[in-house]
Amino acid sequence: MSKVKVPAAGMTVRRMDFEFENLPRYWADNDPFLTHMLNALSATFPEGERMFIESVRAFRDRISDPEMKKSVSDFIGQEAMHSKEHSAYNNYAKRHGIDLGFIENFVTQRVAFIQGNLPPIRQLAITCALEHFTAILAEQILTSPDFYEKLDPAARELWLWHAVEENEHKAVAYDVFEQMGGSYVMRVRVMALTTYFFIAHQMWFHARLLKADGKLWDLKMWAKGLNTLWGRPGWFRKLVPAYLDYYRRDFHPWQHDTRALLEKWKRELALDEHAVKKVA
């Protein structure tokens, strides 16, 4: 890979208002394993996205390039909308007996610890690491009809829109980190630690949701779910090469050029209809 990056996709801040009424309990392939895996992710997003916003905002006044300043403002606008829409879904899930509160409380406490104890550049490195996770997961979603076609239409729209925007802004935090003098050593060390905690926490969240739903010891469900993630089709297994790219010295997020993919989905989802002007 070359350090030279392709031009970034344009970013648009969009006003979304998803409706979740009448969403079935197991809205992902009628499968508690897959549904609760995505529930666990969704529960982390509102507070996590706010952390991403603050980690980038901390450096906005030090950025002199007008184009980068605009990218930061668009990033903030998109992440704020992600937080809003996943909060709406999480509240719907809780009203229908799915306890996401313990995840939200844990993430809130974790974010408070990070913001109270780590320097801003390290907080930004954590955001870069997690943005890489969300970008490669999002690309996997957008290129896997065997995944998104199994989602209930209301949930599908939420996850496809979120996936598009995660790819639109996937390099913003990374570019700010590099411009602010973030080092390669910090970047990869933080990614290694973030990977450990991200996976450990998501496994714990997932297991607790399954336990609360009386599904933790459903061995047939586990066999099917693990095969889907790591066997065939192996959604997580397929992410490994893209994940490892982050450890290259010459890595940049836009070396994974998803511009054509994003244009396709923006047309199919009619996302331009939701564009708003935003002053951040």
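Nothing in this text is a laboratory measurement; each read-out follows from the coordinates by a stated rule. Nothing here was measured: the structure is a model prediction, and the numbers come from that model. Don't worry about glycine lacking a Cβ; one is built from the backbone with ideal geometry, like all the others, and counts go over all protein chains shown.
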Using all alpha carbons of the chain, what is the percent of pairwise distances in each 10 Å bin, ordered from the shortest bin to the longest? 6, 29, 38, 22, 5, 0
Taking segment 174-231, which chymotrypsin sites (Phe, Trp or Tyr not before Pro) meet the DSSP loop condition and have no more than 10 other C-beta atoms within 10 Å? W217
Can you give the angle from 0 to 90° between the axis of helix 184-212 and the longest principal axis of the chain, with both taken from C-alpha atoms, to the nearest 10? 20 degrees
Where GluC sites (Glu not before Pro) fall in DSSP loop in segment 1-110, at most 13 other Cβ within 10 Å: E19, E21
How long are the semi-axes of the equivalent ellipsoid of segment 161-280, defined as square roots of 5 times the Cα gyration tensor eigenvalues? Whole Å, largest first. 30, 23, 16
Report the one residue of G225, Q179, A163 whose Cα lies farthest in the direction of the positive end of the charge dipole of segment 160-252 (charges on C-beta: Lys and Arg +1, Asp and Glu -1; origin at the Cα centre). G225
